[in-house]
Amino acid sequence: MSRQAVEQLIDRWMNDPSFRNEVRSDPEAAVRRTGADLTDDELAAVRSVDWNLPDEELRVRTNNGA
Amino acid sequence: MPSSWQRFSDFLEGPAAADRVRRVFDAADQFIVERAVTLEQRRLIGAPVARLRAEITADAERASMCLFVHLPVLVYAGLRGEERPAIPLASATTLLFAGLDLFDDVADGDWPGSAAATLLCAFPQLMVGELAAPPQLIAAIGSTLARGLLRMSAGQQQDLSAQGADEVRSCEIEATAIAKSGEEAALFACMAAQLAEAPEEIAGKYEELGRSIGAGAQLASDCHELFEDPAARDLVHGARTLPIVLHLERLLGAERTAFLALLDDARTEAAAREEVRLRLRSGGSLRRCAFIVETYRQRALRLCREAAPLEPARGCLEALIGSISFFP
């Protein structure tokens, strides 16, 4: 259920420019306003993700894992 | 911008980490020399281990992130304050990993299956049996090893059954990453915690920590292979990794059929592979994956805080966990 909420958040971030701006300005507050039911680990992820990072930069940040 | 690994390399790529890799492989090599029954067996077992060592030492990023070396040693050191007694266990987990790694060559017909089976099912067990620990502890670690192998085998089957499939859900892909790579790292961490005679509750936290970092690392590695590795083996093999499945889940009707056809073409055509990458990026799959990997990192960090390892192992464990992230 929680993962579904995450999916919806990312979908909204992708498709709603005003939400994207809100998230970039204050991720946790923006996500809380949506009422999404996230776990503590997912909320921590919301805080630690760099929402300003362009896709191209994300691509070069992939690593080869363990 | 630096990769997450580069941001953490001070912790992971320093002389201590390199020395850890050297000591673990030296002990594994020595064990093979002493225990192989024939010279031919020594060659068949020793060569893939030597190849793994060469690959790892040639690639500082991979060397710093190899969970089979670092995780058991750091978990033990986090509990007991020293690394040395965990080196033989890390050698066992290294031989186990080498056996898993060798199965790819066996599938390609490049190496006898008996060598992979021996690496996986004889040498790690022998090494565990000879750990400097009380008999009941060795028996418990041996049981953990057997249960872990059972789970990993089931995860491997799940992974293979998803290849080329049209109907796979992202939750199933995550479950497979947990069942395969998550269980592998959980096994490494749990055996180390047992060797350190950690209380059951703390051992459970380390086991869960291992499961989270192993699954997150697998998902991150799948992204790297898909978006950055020129060989793109997963696309060639028709593997349904998380970025692909997240994209498929958002397509319906003709769009979905067309993308499945593109995936089929990508098995043989480089231009189709590039088109797949482009569509996944523009559709947001990479960003979704980056967030999902971040949740595994945050879960592992929380478990690490709860387990409260001793320094300096704690800093190294946090760096190892951080190295899977897109967001250092």
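The values are calculated or read from the model by the stated rules, or taken from the named source; none is laboratory data. Keep in mind that what you see is a predicted model, and the values were worked out from it rather than measured. Methodologically, a virtual Cβ is constructed for each residue, glycine included, from the backbone with ideal geometry; neighbour enumeration extends over all protein chains shown.
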Identify all residues within the range A:15-39 that are at pLDDT 90 or above, among the small types (Gly, Ala, Ser) and over 13 Å from residue A:52 (Cβ atoms); write none if there are none.
A:18, A:29, A:30
Being more than 12 Å from chain A (Cβ to nearest Cβ) and touching a residue at least 40 places away in the same chain (Cβ under 8 Å) is the filter; apply it to the range B:218-240 and report the residue that is nearest to residue B:296 (Cα to Cα).
B:240
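Take residue B:242 and decide whether it is closer than 21 Å to residue B:176 by Cβ and surrounded by fewer than 18 Cβ atoms within 10 Å (Cβ to Cβ).
So residue B:242 fails the test.
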Given the criterion out of contact with any helix residue (DSSP H, G or I) (no Cβ under 6 Å at 6 or more places or on another chain) and closer than 25 Å to residue B:120 by Cα, identify the matching residue among B:167, B:208, B:201, B:174.
B:174
Sort out which residues of the range B:271-312 are more than 29 Å from residue B:248 (Cα to Cα) and surrounded by 21 or more Cβ atoms within 10 Å (Cβ to Cβ), and write them in order of number.
B:301, B:303, B:304, B:307, B:309
Only residues that are at pLDDT below 90 and within 14 Å of chain A (Cβ to nearest Cβ): list them for the range B:12-54, please.
B:12, B:13, B:17
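Determine, yes or no, whether residue A:57 is in a helix (DSSP H, G or I), at the interface with chain B (Cβ under 10 Å from one of its Cβ atoms) and farther than 14 Å from residue B:293 by Cα.
Criteria met by residue A:57.
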How many residues does the range A:40-66 contain that are modelled with pLDDT under 85 and hydroxyl-bearing (Ser, Thr, Tyr)?
1
Subset of the range A:28-54 [part of a helix (DSSP H, G or I) and either surrounded by 20 or more Cβ atoms within 10 Å (Cβ to Cβ) or acidic (Asp, Glu) (or both)]:
A:28, A:30, A:31, A:40, A:41, A:42, A:45, A:46
Exactly one of B:137, B:102 is in a helix (DSSP H, G or I) and either among the charged types (D, E, K, R) or under 18 Å from the mean Cα position of the chain (by Cα) (or both), and that one is B:102
Please count how many residues of the range B:280-321 are more than 7 Å from chain A (Cβ to nearest Cβ), in contact (Cβ under 8 Å) with a residue 40 or more places away in the chain and among the basic types (Lys, Arg).
2
Before we move on, is residue B:324 within 8 Å of chain A (Cβ to nearest Cβ), within 23 Å of the chain's Cα centre (by Cα), under 30 Å from residue A:44 (Cα atoms) and not in a helix (DSSP H, G or I)?
yes
Testing residue A:49 on (1) over 30 Å from residue B:231 (Cβ atoms); (2) within 8 Å of chain B (Cβ to nearest Cβ), one condition comes back false. Which one is that?
(1)
In the range B:34-86, anything in a helix (DSSP H, G or I), over 18 Å from the mean Cα position of the chain (by Cα) and touching a residue at least 60 places away in the same chain (Cβ under 8 Å) is listed as B:35, B:41, B:44, B:45, B:76, B:77, B:78, B:79, B:80, B:85, B:86
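Okay, residues lined up against (1) under 12 Å from the mean Cα position of the chain (by Cα); (2) within 13 Å of chain B (Cβ to nearest Cβ); (3) more than 23 Å from residue B:249 (Cα to Cα):
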{"position": "A:8", "(1), (2), (3)": "yes, yes, no"}
{"position": "A:13", "(1), (2), (3)": "yes, yes, no"}
{"position": "A:20", "(1), (2), (3)": "yes, yes, no"}
{"position": "A:23", "(1), (2), (3)": "yes, yes, yes"}
{"position": "A:26", "(1), (2), (3)": "yes, no, yes"}
{"position": "A:30", "(1), (2), (3)": "yes, no, yes"}
{"position": "A:45", "(1), (2), (3)": "yes, yes, no"}
In this structure, does residue B:315 turn out to be surrounded by fewer than 21 Cβ atoms within 10 Å (Cβ to Cβ) and either closer than 30 Å to residue B:83 by Cβ or of a type in the set (S, T, N, Q) (or both)?
yes
